[in-house]
Structure formats: structure tokens, C-alpha cells
1. Taking a cut-off of 20 Å between Cα atoms, list the aspartates and glutamates near Lys172, but don't count ones fewer than 8 places away on the same chain.
2. Along the charge dipole of the chain, pointing to its positive end and built from +1/-1 on Cβ of Lys, Arg, Asp and Glu, which listed residue (Phe24, Val8, Leu84) has its Cα farthest out?
3. Assigning unit charges at the beta carbon (Lys, Arg +1; Asp, Glu -1) and nothing else, what dipole magnitude in debye, to the nearest 20, does the chain show about its Cα centre?
4. If I stretch the segment between Ala43 and Ser108 completely, what's the gain in nm (0.36 nm per residue apart, minus their alpha carbon distance), one decimal?
5. Once phi is turned into ³J(HN,Hα) by the Karplus curve 6.51 cos²θ - 1.76 cosθ + 1.60 with θ = phi - 60°, what whole-Hz value does each residue of the range 54-60 show in order, with x for glycine and proline?
6. If you roll a 1.4 Å probe over the heavy atoms of the protein chains, what accessible area per residue do you get for the chain, in Å²?
7. Choose one answer from Ala154, Ala37, Ala13: the residue with the largest mean-square fluctuation in a GNM of the chain with alpha-carbon springs under 10 Å.
8. How are the Cα pair distances of the chain distributed, in percent, across 10 Å bins from 0?
Amino acid sequence: MITALDKVWQEKAPGSYAALQPPFTAEQFQALTTLTANELPAAYREFFAWKGGQDALTENGLLPGWRIMQFTEITMEYQPMLELFNMGEFTTPNWWSPRWLPLLVNDSGETICYDGEGVFGGTAGQLVQFAADNPNRSVWFPDMQSLLDAAAEAFETGAALQFPAGYPAAHKAG
């Protein structure tokens with residue numbers, strides 16, 4: 001799943017590749033499993049077993065304007081959202097879900113999350129954009145492999161990121 005991306009990223013963008021962090025440890029994976037009260041999806045585990053995020057000062061990430069979140073960023077994003085969810089603060093359907101695992105972040109604090117349930121009639125494993133202050137929710141990719149393939153192609157060709165047909169798909173919480 002990761003091999004092609006890893007190779008082309010090293011070759012075409014060595015500076016941003018150098019900002020990638022070491023893979024998550026077994027203890028970090030266990031902490032995320034405990035925090036989410038769910039077994040982590042295989043694709044999510046495989047991704048972070050490859051690299052454990054990018055330095056926060058990285059200019060060029062996995063996608064233009066988006067970088068891979070580090071372990072502490074994931075937990076700092078997820079924990080307060082889970083607390084608000086458990087207190088019943090999210091009354092709008094699909095505002096946020098405990099099955100959304102943060103993956104990428106932009107400078108505005110928006111995240112792209114691995115969706116473990118398949119909201120908006122989609123499938124588990126799709127990637128959903130989340131912004132805490134905005135009800136718009138786009139499904140960016142149908143799965144992790146589509147994200148990795150699109151990123152690898154963009155690195156390889158130097159062209160703009162190409163989304164799969166039908167993506168991103170715009171939705172709104174509520």
C-alpha cells in the first residue's frame with residue numbers, strides 16, 4: 001500500500017520526506033485503541049506503522065496544504081471531541097463521530113479523518129474532511145489506497161492532485 005508513495009516521495013520531494021517522523025510505537029497504537037475504544041482499522045494502522053506524522057513546520061505535506069498528523073496532535077484533536085460527543089454537545093447528525101480518526105491537518109486546523117463507519121451513505125474507510133466551526137463535510141477519497149495513489153501520482157508527475165471520479169463529494173452535517 002505504501003511502497004510506491006514512499007519511493008516517489010523520497011525521489012521527488014526529499015525535503016518534505018525528511019520531515020516525516022518515525023512510525024508509531026506499539027504503545028502509541030495501544031493508546032489510540034484505548035482512547036477510541038475501538039480496534040484501529042488495518043489501513044490506518046499500516047499508514048502510521050510507515051511514518052508517524054510530519055513536523056508541524058513542514059511546508060509541503062502528503063497533499064498540497066495538508067500534512068500527516070503526529071501522535072500527540074491526533075490525541076489532542078480526538079480527546080476533546082470525544083468528551084463533547086459523550087456530553088451530548090453534538091446534536092446535529094454527522095457533525096462529528098467517534099469513528100472519525102484524524103489523519104491529515106491543514107494550517108486552519110481542519111482535519112481529514114479516516115471514517116470508520118461510512119457516513120453520508122458512504123463506506124467505512126472513506127476519508128472525510130472535518131472543521132469544528134463549519135457544517136460542510138466533504139468525502140475526499142473512498143479509501144486510504146485512493147489517497148496514497150493520488151499522492152504518489154502527484155509527486156511523480158508534479159501535476160495537481162487528481163481525485164478519483166466523484167470525489168470530493170460535498171455533504172453537510174445535519
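1. Qualifying aspartates and glutamates at Cα under 20 Å: Glu89, Glu110, Asp115, Glu117, Asp133, Asp143.
2. Selected residue: Val8.
3. Numbers: 8 positive and 20 negative charges, 39 e Å.
Here the chain has a charge dipole of around 180 debye.
4. Working: separation 65, 0.36 × 65 = 23.40 nm, distance 2.58 nm.
Here the answer is 20.8 nm.
5. For the range 54-60, the Karplus curve yields 10, 3, 4, 8, 5, 7, 10 Hz.
6. Values: 8400 Å² over 174 residues.
Dividing the accessible area of the chain by its residue count gives 48 Å².
7. For the chain, modelled as a Gaussian network with Cα springs under 10 Å, the answer is Ala37.
8. In whole percents, the pair-distance histogram is 10, 40, 37, 12, 1.
The values are calculated or read from the model by the stated rules, or taken from the named source; none is laboratory data. In this text, all values refer to a predicted model and were calculated from it rather than measured experimentally. Here the Cβ is made from the backbone with ideal geometry for all residues, glycine too, and neighbour counts use every protein chain on show. Heads up: the accessible areas ignore ligands, DNA and RNA and are worked out on the full protein's heavy atoms, side chains in. Shrake-Rupley method; radii C 1.70, N 1.55, O 1.52, S 1.80 Å.
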